[in-house]
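To start, the structure under review is shown below, and the notes come after it.
Derivation of every value follows stated rules applied to the coordinates shown; laboratory data play no part. Remember, predicted model here, so these are calculated numbers, not experimental data. For neighbour counting, all protein chains shown are included, and Cβ atoms are generated from backbone atoms with ideal geometry for every residue, glycine included.
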Amino acid sequence: MRRLSLAIALTLSTAAFATTSLVMAGETPAPENAKAYFINLKDGDTVSSPVLIRFGLSGMGVAPSGTEAPNTGHHHLLIDAPALEGDALNEAIPVDSGHVHFGKGQTEASVNLAPGKHTLQLVLGDWSHIPHNKPVMSERITVTVEPSTQAKSP
Ligand SMILES: [Cu+2]
């Protein structure tokens, strides 16, 4: 009996340690069930440019950047950018052509993409552009943009 309870205690403390060490994210909490997703796009879709991309969020609300309110954030669209991981999840999301901020709280955007394959991912950032704990990110999808037909003559 004594040995059994020791084994349980060890298992519990190991589990707690593993959970703590896996958390790599900013300090703003996100609800466990929070989800970001593409409303109108899925992996493997073929689209034409400009692409209207609609940003879905469930379990949280959208707030403009700079507005610190519980369980809110603003969308970021990663275009052909590597997935955020490690320290990048503790830092403000970069601002460049591959990391587009929607700091006014926009929930859709019309995006120009060159013909060919592109990866897209949504990442929610807190009021200061740092991913939540846990990070709220969509699936990383690949879409194929068709060549423009406007330049062709019949
Ligand atoms: Cu931002």
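The length gained by stretching the chain between Glu91 and Thr142 to full extension, at 0.36 nm per residue less their Cα-Cα distance, is 15.8 nm.
Among 41-54, 118-131, 71-84, what's the highest-first ranking by average C-beta atoms within 10 angstrom per residue?
Values: 41-54: 13.9, 118-131: 21.4, 71-84: 19.9.
The densest-packed peptide leads the list: 118-131, 71-84, 41-54.
Sorted largest first, the principal axis extents computed over the alpha-carbon atoms of region 21-133 equal 39, 25, 24 Å.
Gain on full extension, evaluated as 0.36 nm per residue between Ser110 and Ala69 minus their Cα-Cα distance, stands at 12.0 nm.
Sparsely packed loop sites in region 71-152 (the GluC sites (Glu not before Pro) outside DSSP H, G, I, E and B with at most 15 other Cβ atoms within 10 Å) comprise Glu85, Glu91, Glu139.
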